[in-house]
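> The following block contains the structure, expressed as structure tokens.
The values are calculated or read from the model by the stated rules, or taken from the named source; none is laboratory data. Since the model is a prediction, treat every value here as computed from it, not as a measurement. Ideal geometry is used to build each Cβ from the backbone, glycine not excepted, and the neighbour counts take in all protein chains shown.
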Amino acid sequence: MDVDLLLAPDPQAPALTLPQLVPHWEAALAAAGWSLSAQVHGDFGTAHLALQPTKTQPQQPHPTDQPLLTIDVAMARTEHYPAPGENPRITLTAAPDAALVDLGRRDVSINAMALPYPHGPLLDPHGGQKDLAQGLLRFLHHTSLRDDPTRVIRAARYGARLRMDLAPEARHQLQDAMALWPWRRDSPCPPALGGRLGMELALLLHQEPWRQGLTLLQRWGALDLVDWSGTLQQDTTWSRRLHWAARWKLPLLPALLMGAADPLDVAQRLHLPMAHQRLMAQTLALQDWLGVNFPHGSS
């Protein structure tokens with residue numbers, strides 16, 4: 001089970017940071033028979049928590065290595081993008097309306113709802129319930145994709161999981177963002193953006209129904225964000241390639257990128273692990289050794 005938790009501190013209470021809170025959570029959970037593994041990103045006010053029982057529970061007679069519960073924690077904050085594609089500058093906030101302010105920085109409307117604990121009512125300032133009922137993915141701001149193009153990959157993740165599609169105005173925003181896409185070979189992609197694109201693609205391939213997610217990205221024309229040559233966007237054989245990669249237990253993202261015009265260039269820009277880049281280089285070397293000249297997108 002996955003849970004998202006937003007912490008909106010009381011403006012009158014002493015300020016606490018996640019590095020200060022996590023040890024208290026660890027002690028409280030240990031007393032209740034749970035172990036907590038935490039990855040804290042203090043500069044961004046976020047943490048990823050994984051909970052696992054330390055003793056056998058009646059409903060869990062054989063504990064596994066997989067956590068029973070993962071929690072993504074975020075302190076209420078505002079974001080400012082100094083330049084398109086750069087990492088945002090974060091300001092934590094404890095204002096009375098901190099929760100509403102935080103929801104306003106999200107990617108799509110269905111991800112901008114919150115249920116106050118321990119009792120409601122549901123906060124839905126951007127019409128997420130209506131969009132969820134209609135199966136529409138709607139970006140919150142007209143600059144959403146200009147600020148952070150990885151939001152379209154997250155939209156594809158939600159779309160694959162929930163059988164949703166971009167709203168018409170969201171498609172227009174994507175088309176406009178693609179027309180103004182500033183990073184080509186003569187204008188380097190910000191390293192932060194390349195890393196985030198790679199991370200979001202990896203999450204889509206690892207956690208979501210990847211065929212549906214990649215189909216959405218290709219239908220939207222969004223794969224040009226990954227491979228600037230347009231070759232991957234036109235690739236018609238990625239499904240077969242990823243099918244065999246999954247059967248052979250090979251990493252899926254390198255298999256996807258083998259359909260690009262210059263797979264290694266894309267892999268480096270997306271900050272793929274060196275082991276994945278070596279695998280791709282060995283595959284290309286094997287093709288050369290065999291004297292096989294595969295058309296792009298068919299490997």
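> Looking only at the range 174-217, filter to residues that are within 12 Å of Leu252 (Cβ to Cβ) and of a type in the set (Gly, Ala, Ser); which one of those is nearest to the chain's Cα centre (by Cα)?
Taking the candidates together, the pick is Ala202.
> When the range 29-50 is examined, which residues are found to be over 21 Å from the mean Cα position of the chain (by Cα), free of Cβ contacts under 8 Å to residues at least 24 places away in the same chain and not in a loop (DSSP other than H, G, I, E, B)?
The answer is Leu29, Ala31, Trp34, Ser35, Leu36.
> Also, quick follow-up: So, Trp238, is that one closer than 25 Å to Ala170 by Cβ, of a type in the set (Phe, Trp, Tyr) and modelled with pLDDT under 95 or not?
It is false that Trp238 is closer than 25 Å to Ala170 by Cβ, of a type in the set (Phe, Trp, Tyr) and modelled with pLDDT under 95.
> Sticking with this one: Within the range 213-251, work out how many residues are touching an Asp or Glu at 6+ places or on another chain (Cβ under 9 Å), touching a residue at least 60 places away in the same chain (Cβ under 8 Å) and either among the hydroxyl-bearing types (Ser, Thr, Tyr) or more than 18 Å from Asp165 (Cβ to Cβ) (or both).
3
> Something else: Would you mind stating whether Thr231 is surrounded by fewer than 18 Cβ atoms within 10 Å (Cβ to Cβ) and out of contact with any helix residue (DSSP H, G or I) (no Cβ under 7 Å at 6 or more places or on another chain)?
No: the conditions fail for Thr231.
> Can you run down the residue pairs with Cβ atoms below 8 Å, 6 or more apart or on separate chains, where the first is in the range 81-108 and closer than 30 Å to Met164 by Cα and the partner is assigned to a loop (DSSP other than H, G, I, E, B) and basic (Lys, Arg)?
So the pair list comes out as Val108/Arg138.
> As an exercise: evaluate Leu242 against (1) crowded, with 20+ Cβ neighbours inside 10 Å; (2) out of contact with any Pro (no Cβ under 9 Å at 6 or more places or on another chain); (3) assigned to a loop (DSSP other than H, G, I, E, B); (4) not aromatic (Phe, Trp, Tyr) and give the number of the one condition it does not meet.
All conditions are met except number (3).
> Can you name every one of the helices (runs of 4 or more DSSP H) wholly within the range 57-168 that holds 1 or more residues which are within 19 Å of the chain's Cα centre (by Cα) and of a type in the set (Ser, Thr, Tyr)?
144-147, 151-162
> Name the residues in the range 200-212 that are in a helix (DSSP H, G or I) and free of Cβ contacts under 8 Å to residues at least 60 places away in the same chain, would you?
Across the range 200-212, the qualifying residues are Glu200, Ala202, Leu203, Leu204, Leu205, His206, Gln207, Trp210, Arg211, Gln212.
> Of the residues that make up the range 276-288, is at least one touching a Gly at 6+ places or on another chain (Cβ under 8 Å) and surrounded by 13 or more Cβ atoms within 10 Å (Cβ to Cβ)?
no
> Any residue in the range 1-24 that's within 24 Å of Arg106 (Cα to Cα): show its pairings with residues that are of a type in the set (D, E, K, R) and outside any helix (DSSP H, G or I) at Cβ separation under 8 Å, as long as the two are six or more apart or on different chains.
Short answer, once both residue conditions are applied: Asp2/Asp72; Val3/Asp72; Asp4/Asp72; Leu5/Asp72.
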